[in-house]
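Take a look at the structure set out below.
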Amino acid sequence: MVNLDPTKLVTINQIHSSEILIADKPGFYDSVDGIINKGGSLVCSIKVADCLPLFFVNNVSKTIGLVHAGWRGISSGIVEKFVKSVELCNESVTDFYVIIGPSIQPCCFEIMDDVLDYFDSTFYNPIKKNKYRVDLQAWTVYQLIKFGFSEEKIKNIKKCTFCLDDLYYSYRRDGSNSGRMYALAGWHN
């Protein structure tokens with residue numbers, strides 16, 4: 001049982017972008033991949049199946065955030081845009097705790113050289129001709145720290161959605177037949 005009020009739910013149509021919504025009322029919002037709710041009066045939700053669910057919590061102000069971070073969003077600056085949204089809410093990223101939820105890990109996330117230019121070369125390694133393994137979690141942690149989040153307040157749950165097929169959905173493993181997992185962030189009464 002989650003114990004969150006469904007009448008306060010914020011859902012989004014995710015498009016693998018870097019767009020962040022500052023939500024002040026429940027409902028469905030189009031074309032965004034992250035949500036921040038100042039004061040935490042709402043329940044934020046995203047769907048994932050390999051992408052990183054990023055949970056943000058400020059225990060003092062109760063502000064919460066939830067970001068759907070795939071490689072496209074990470075490479076196009078979704079972490080920096082989330083930081084700007086925090087600042088628009090007159091808060092400091094140093095006050096937030098961050099959890100990186102289960103997602104595809106470097107053991108299973110491979111890319112071809114056709115998209116290589118989107119990635120920071122620090123976070124991929126060649127494995128064979130035209131194929132590379134990417135550590136999206138390390139890249140994300142690097143960006144979080146770069147933009148001011150405290151390393152001590154970042155928790156990475158290193159569970160691979162691709163490997164652990166009895167626990168998680170994986171789009172890369174199962175293709176268009178894959179289900180989705182919901183990530184929720186909110187305060188219960």
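The values are calculated or read from the model by the stated rules, or taken from the named source; none is laboratory data. Because the structure is a prediction, the values reported are computed rather than measured. With ideal geometry, Cβ positions are generated from the backbone for all residues, glycine too; neighbour counts draw on all protein chains shown. With ligands, DNA and RNA removed, areas are computed over all heavy atoms of the protein, side chains included. Shrake-Rupley method; radii C 1.70, N 1.55, O 1.52, S 1.80 Å.
Being open to solvent by less than 10 Å² (accessible area, probe 1.4 Å) and either under 13 Å from the mean Cα position of the chain (by Cα) or β-branched (Val, Ile, Thr) (or both) is the filter here, so list the residues in segment 84-100 that pass it. Correct list: Val86, Val98, Ile100. Sub-7 Å Cβ pairs linking a first residue in segment 172-189 that is over 17 Å from Gly34 (Cβ atoms) to a second residue that is exposed (fewer than 12 other Cβ atoms within 10 Å of the Cβ), at least 6 apart or interchain, are His188/Asn3, ordered by first then second residue. Evaluation of Lys47 against the conditions (1) over 23 Å from Tyr171 (Cβ atoms); (2) out of contact with any Pro (no Cβ under 7 Å at 6 or more places or on another chain); (3) open to solvent by 40 Å² or more (accessible area, probe 1.4 Å); (4) in contact (Cβ under 8 Å) with a residue 60 or more places away in the chain shows that the sole unmet condition is (1). Between a first residue in segment 102-118 that is over 13 Å from Cys51 (Cβ atoms) and a second residue that is among the acidic types (Asp, Glu) and open to solvent by 30 Å² or more (accessible area, probe 1.4 Å), which pairs have beta carbons less than 7 Å apart while being 6 or more apart in sequence or on different chains? Pairs that qualify, where the first residue is over 13 Å from Cys51 (Cβ atoms) and the partner is among the acidic types (Asp, Glu) and open to solvent by 30 Å² or more (accessible area, probe 1.4 Å), are Pro106/Asp135. Among the residues of segment 175-186, those identified as at pLDDT 95 or above and open to solvent by 60 Å² or more (accessible area, probe 1.4 Å) are Arg180, Tyr182, Leu184. Determine the pairs where a residue that is assigned to a loop (DSSP other than H, G, I, E, B), located within segment 66-78, has a partner that is of a type in the set (Gly, Ala, Ser) with Cβ atoms under 8 Å apart, the partner being 6 or more residues away or on another chain. From segment 66-78, the pairs are Ser76/Ser17; Ser76/Ser18; Gly77/Ser18.
The single condition among (1) open to solvent by 60 Å² or more (accessible area, probe 1.4 Å); (2) of a type outside the set (Gly, Ala, Ser); (3) not in a loop (DSSP other than H, G, I, E, B) that Lys25 does not satisfy is (3).
Scanning segment 139-171 for residues that are without any contact (Cβ under 8 Å) to a residue 60 or more places away in the chain, under 16 Å from the mean Cα position of the chain (by Cα) and open to solvent by 70 Å² or more (accessible area, probe 1.4 Å) yields a total of 4. So in segment 121-138, with the set limited to residues that are touching a Phe, Trp or Tyr at 6+ places or on another chain (Cβ under 7 Å) and touching a residue at least 40 places away in the same chain (Cβ under 8 Å), which one is farthest from Ile74 (Cα to Cα)? Taking the candidates together, the pick is Val134.
Considering only residues in segment 32-44 that are within 17 Å of Thr7 (Cβ to Cβ) and of a type outside the set (Val, Ile, Thr), the one that is surrounded by the fewest Cβ atoms within 10 Å (Cβ to Cβ) turns out to be Gly39. On inspection, Lys81 does not qualify as within 22 Å of Leu167 (Cα to Cα), among the basic types (Lys, Arg) and in contact (Cβ under 8 Å) with a residue 40 or more places away in the chain.
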